[in-house]
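J.: Questions regarding the structure given below will be posed in turn.
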Amino acid sequence: MENQRVFNFSAGPSMLPLEVLQRAGAEITNYQGSGMSVMEMSHRSKVFQKIFDDTQAKFRAALNIPEGYKVLFLQGGASTQFSAVPLNLIGTTGKADYAVTGNFSKLACKEAQKYGAISVAATSEDKNHTYIPAQEQLKLDPEAAYFYYCANNTIYGTEWQYVPETGAVPLVCDMSSNILSRPVDVSKYGVIFAGAQKNMAPAGLTVVIVKEELAGKELPYTPQMLGYKLMIDKDSMNNTPPCWCIYILGLVLDWLESQGGVAGMEKIKHGKAKLLYDAIDASRLFTCAVEPGSRSDMNVVFRTGDEALDAKFVAEATAAGFTNLKGHRNVGGMRASIYNAMPVEGVEKLVDFIQAFDKAN
Ligand SMILES: *Cc1c(COP(=O)(O)O)cnc(C)c1O
């Protein structure tokens, strides 16, 4: 095993495509004749500016981002956006709606309460976040400055299968764990943000897509580094951006293109998830608590109902080269995170392993 790569089902930071790692490796000491690593370059250099501009262009193309939106490459992780979103947007009416469908939207909702009147427009807490509320269940305030939701609940294994209709109220969405896995109609959103470490790049980069007309109305005490307007005006370079992560994102976007872009990826990832859910549903031992119709294509949660047997599964799977399958402590059981970079082969082999374990126990 020692020299082999494992099938890494980590929820994040998670797998990157092997081709990307190999390319980064080949260029690591001398990037395209520059005589230095991308890690060692000035962010103001011509060489890096080209990496930055190309990555921006590839990202915009991948998600078909329309005019009027700016893509920001920031730091601080998705969690910093839990503060940045209300600081930048809530000032217009002082109110915002939040859908609480898991751990991260709950944290975002709590943080936003510091800055305005927050209404819980929907919550799935009654059933331990095993479903996504339907449009009819959303209690919408037409005066909300924005409606906030998390598209894919990494811990609970649920994913919104529709885009909420909120009339004139701008949508804000945390897409940290499913960005670039499917097409998105960006024009429906005010702000989309995502930490890079699930589906895009190493940890350290946060991508924020902002509708430009919403920027510039931040609360007066907004820390300058959290202000969207400043970062729009400075093209993400008020200070040193996460250069290495931006470079890797560029390589990941080249790889994504070779997979047919987000439309190609949508088919691939849905096929992978279906393989796993079908195996779980057909098994004698395993169940998935998430309601069909709310199941995530990115994070598949399952369990036997017996903690000792779950632990045995995780231990045997790890020994067989399937790592990081232990579920989050809030949920227990198992979780297989099958982001874009997880090859179909990894899922097929895990399905074989699940079936063999199901027979033997
Ligand atoms: C991982 C994750 C976060 C937290 O990201 P950080 O970059 O660690 O702050 C937030 N939201 C979702 C949906 C996530 O999956």
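J.: Could you go through region 303-309 in sequence order and give the Karplus-derived ³J(HN,Hα) for each residue, using 6.51 cos²θ - 1.76 cosθ + 1.60 with θ = phi - 60°, rounded to whole Hz, and x for Gly and Pro?
T.: 7, 9, x, 10, 4, 5, 5
J.: Another question about this same structure. Which lysines have a Cα lying under 22 Å from the Cα of Lys139, excluding residues fewer than 8 positions away in the same chain?
T.: Within the straight-line limit of under 22 Å, Lys139 reaches these lysines: Lys95, Lys106, Lys110, Lys114, Lys127, Lys188.
J.: Further, regarding this structure: By its C-alpha gyration tensor, with a ≥ b ≥ c as the square roots of the eigenvalues, how is region 261-360 shaped: rounded for a/c under 1.5, else prolate for a/b larger than b/c, else oblate? Walk me through the intermediate numbers first.
T.: On the way: a/c = 1.69, a/b = 1.46, b/c = 1.16.
Since a/c reaches 1.5 and a/b is larger than b/c, the shape of region 261-360 is classed as prolate.
J.: For a quick check of your reading of the filter: which chymotrypsin sites (Phe, Trp or Tyr not before Pro) in region 131-230 sit in a DSSP loop and have no more than 10 other Cβ atoms within 10 Å? Walk me through the numbers on the way to the answer.
T.: Numbers: sites: Tyr131, Tyr146, Phe147, Tyr148, Tyr149, Tyr156, Trp160, Tyr162, Tyr189, Phe193, Tyr221, Tyr228; in loops: Tyr131, Tyr146, Tyr156, Trp160, Tyr162, Tyr221.
Answer in residue order: Tyr162, Tyr221.
J.: Ok, one more. Would you mind getting the accessible area per residue of the chain, heavy atoms of the protein chains only, 1.4 Å probe, in Å²? Mind showing how you got there, number by number?
T.: Details: 15450 Å² over 361 residues.
Per-residue value: 43 Å².
J.: How large, in percent, is the carbon and sulfur part of the accessible surface of region 194-300 at a probe radius of 1.4 Å? Don't jump to the answer; show the numbers that get you there.
T.: Numbers: 2290 of 4210 Å².
Exposed carbon and sulfur together represent 54 percent of the surface.
J.: Which of the three applies to the chain, rounded, prolate or oblate, going by the alpha-carbon gyration tensor with a ≥ b ≥ c and a/c under 1.5 meaning rounded?
T.: Values: a/c = 2.09, a/b = 1.16, b/c = 1.79.
Oblate, because a/c is 1.5 or more while a/b does not exceed b/c.
J.: Out of residues 5 or more away from Val100 or on other chains, whose amide H comes under 5 Å of its own, with H placed 1.01 Å from N in the peptide plane?
T.: For Val100, the qualifying residues are Ala121, Ala122, Thr123, Ser124.
J.: Sort Asp141, Asp53 from largest to smallest accessible area, using a 1.4 Å probe on the heavy atoms of the protein chains. Can you show the working numbers first?
T.: Working: Asp141 40, Asp53 70 Å².
Order by accessible area, largest first: Asp53, Asp141.
J.: OK, next. Name the residues whose placed amide hydrogens come within less than 5 Å of the amide hydrogen of Val300, ignoring near sequence neighbours (fewer than 5 apart) on the same chain.
T.: Counting only residues 5 or more places away or on other chains, the set is Ala336, Ser337, Ile338.
J.: Per-residue HN-Hα couplings for region 6-19, Karplus 6.51 cos²θ - 1.76 cosθ + 1.60 at θ = phi - 60°, whole Hz, x for Gly and Pro?
T.: 8, 7, 9, 9, 4, 6, x, x, 10, 3, 10, x, 4, 4
J.: Here's another thing I want to ask about it. Which residues' amide hydrogens lie under 5 Å from the amide hydrogen of Asn153, considering only partners 5 or more residues apart or on another chain, with H built in the peptide plane?
T.: Placed amide hydrogens put Thr158, Glu159, Trp160 under 5 Å from Asn153.
J.: Roll a 1.4 Å probe over the protein heavy atoms and report the accessible area of Met39 in Å², nearest 10.
T.: Here the accessible area works out near 120 Å².
J.: For the chain, what is the calculated [θ] at 222 nm in deg cm²/dmol (nearest 500), taking -39500 (n - 2.57) for each run of four or more DSSP H residues and dividing by its residue count? Please report the intermediate quantities before stating the final value.
T.: On the way: 9 runs with 123 residues, N = 361.
Only helices count here, giving -11000 deg cm²/dmol.
J.: If the cut-off is a Cα-Cα distance under 12 Å, which aspartates and glutamates reach Lys229, setting aside same-chain residues fewer than 8 apart in sequence?
T.: Cross-link targets: Glu212, Glu213, Glu218.
J.: Tell me, what ³J(HN,Hα) does each residue in region 108-120 have, in order and in whole Hz, if you take phi through Karplus 6.51 cos²θ - 1.76 cosθ + 1.60 with θ = phi - 60° and put x for Gly and Pro?
T.: After applying 6.51 cos²θ - 1.76 cosθ + 1.60, I find 5, 5, 5, 4, 5, 4, 5, 10, x, 8, 9, 10, 7 Hz.
The values are calculated or read from the model by the stated rules, or taken from the named source; none is laboratory data. Model, not experiment: these values are computed from the prediction. Counting neighbours? That spans all protein chains shown, and the Cβs are built from the backbone with ideal geometry, glycine included. Each accessible area value is taken on the protein alone, full model and side chains, heavy atoms only, with ligands, DNA and RNA left out. Shrake-Rupley method; radii C 1.70, N 1.55, O 1.52, S 1.80 Å.
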